[in-house]
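**Q** Below you'll find the structure I mean.
The values are calculated or read from the model by the stated rules, or taken from the named source; none is laboratory data. Since the model is a prediction, treat every value here as computed from it, not as a measurement. Here Cβ is always computed from backbone atoms with ideal geometry, including for glycine, and neighbour counts include all displayed protein chains.
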Amino acid sequence: MKAMSSWPSIITSKRCMSGRFEDAIYVSLVKLEKSVLAMTKKLYWEQPYSKEFSATVVSVEGNRVVLDQSLFYPRGGGVACDTGTLNGIQVTETSKDGDRITHTLNAPPNFTVGSTVEGKVDWDRRYRLMRMHTSGHLLCSIFYSKANCRITGNQIEVDKSRMDFNLDQFDRSLIEGFVAEANRLVGQDAAVKTYFMPRDEALKLPELVKLAEAAPPNEAQLRIVEIEGIDKQADGGVHVARLKELGEIHLVKLENKGKTNRRLYYELTP
Ligand SMILES: [Zn+2]
């Protein structure tokens, strides 16, 4: 919590509180305030198509900045992060630290804790990553429904993405058929929705977790990304609103790295 020491507390004084009960309330309020401040509000979940935002600086350590809210998607789960600017200074990396998002700048910040800053997301990169990520979910759902494949690894990048999966027989034409099916579904333009669901309820849906090993995060509410009528996954990513936005998925390369590690590289056009 040392990074927050200079944060202007809304609980400025306990001079009006004197009894034991009031002391307990005061301690609870301080704890609540600290836990709320320790979280970065995920604007990229609420407004995935926004490109600019304002936020208050919560902590500055060298070139690393934490804000009270952010549109920048942090690197994680095999998905590349957003870049952009904060008050005109380049953000070169965005990462997750518990519930906080850290923005790494390429120069010392020209602001301090408590300042309001203007953030801009590199939209070309972000939109590309959104399209790549939704494409990954679509492919994954087809591999799962047609061949009961589980995903063993993935790397969502701007130009070329990768998906690893287990498949008994490494059959090139079968896999090409799955990609063709994905493009057919893109043509039908299903909506992509996100919402929260109680964990117990979500885990009753067998198709929800298609990753071979990763368990969903240990949270009471799971965030669900649904391609309407096609796929549901527990996921914290940023996605497009409709499948048409994907364009066309191209199979770039297939690699056979063993039964549990068939590897597919794909790209998108345009
Ligand atoms: Zn995902």
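**Q** List the strands (runs of 3 or more DSSP E) that sit entirely inside the range 86-143 and contain at least 3 residues that are surrounded by fewer than 18 Cβ atoms within 10 Å (Cβ to Cβ). Before you say what the answer is, go through the steps one by one.
**A** Values: elements: 89-97, 100-105, 116-121.
The strands (runs of 3 or more DSSP E) meeting that bar are 89-97, 116-121.
For (1) of a type in the set (Phe, Trp, Tyr); (2) within 13 Å of the ligand (Cβ to nearest atom), each residue gets a yes or a no:
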| residue | (1), (2) |
| --- | --- |
| 109 | no, no |
| 120 | no, no |
| 123 | yes, no |
| 130 | no, yes |
| 137 | no, yes |
| 141 | no, yes |
| 146 | no, no |
| 149 | no, no |
| 154 | no, yes |
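**Q** Give me the pairs: first residue in the range 71-85 and on the phi > 0 side of the Ramachandran plot and not assigned by TED's automatic domain parsing to the domain that holds residue 106, second residue of a type in the set (Val, Ile, Thr) and crowded, with 20+ Cβ neighbours inside 10 Å, beta-carbon distance under 7 Å, and six or more apart or on different chains, which are they?
**A** Close Cβ pairs satisfying both conditions: none exist.
**Q** If I go through the range 57-83 residue by residue, how many of them are within 16 Å of the ligand (Cβ to nearest atom), assigned to a strand (DSSP E or B) and closer than 15 Å to residue 98 by Cα?
**A** 2
**Q** Hey, among 179, 186, which residue is over 22 Å from residue 74 (Cβ atoms) and out of contact with any Ser or Thr (no Cβ under 9 Å at 6 or more places or on another chain)? If you could, list the steps in order and put the result at the bottom.
**A** Numbers: 186 fails: out of contact with any Ser or Thr (no Cβ under 9 Å at 6 or more places or on another chain).
Going through 179, 186 in turn, just one is over 22 Å from residue 74 (Cβ atoms) and out of contact with any Ser or Thr (no Cβ under 9 Å at 6 or more places or on another chain): 179.
**Q** How do the pairs read when you match residues in the range 188-200 that are outside any strand (DSSP E or B) with residues anywhere that are surrounded by fewer than 17 Cβ atoms within 10 Å (Cβ to Cβ), using Cβ under 7 Å and keeping only pairs 6 or more apart or on different chains?
**A** Close Cβ pairs (under 7 Å, with a partner that is surrounded by fewer than 17 Cβ atoms within 10 Å (Cβ to Cβ)) amount to 189/242; 189/244; 190/228; 190/229; 199/219; 199/220; 199/221.
**Q** From the set of residues in the range 215-270 that are part of a strand (DSSP E or B) and in contact with an Asp or Glu (Cβ under 6 Å, 6 or more places away or on another chain), which is nearest to the ligand (Cβ to nearest atom)? Talk me through it step by step, then tell me what you get.
**A** So the first thing to find is which residues in the range 215-270 are part of a strand (DSSP E or B), and the list is 221-227, 231-234, 242, 248-256, 262-269.
After this cut, where a residue has to be in contact with an Asp or Glu (Cβ under 6 Å, 6 or more places away or on another chain) as well, the list is 225, 232, 242, 250, 252, 263, 269.
Details: 225: 7, 232: 11, 242: 17, 250: 20, 252: 20, 263: 17, 269: 21 Å.
Among those that are part of a strand (DSSP E or B) and in contact with an Asp or Glu (Cβ under 6 Å, 6 or more places away or on another chain), it is 225.
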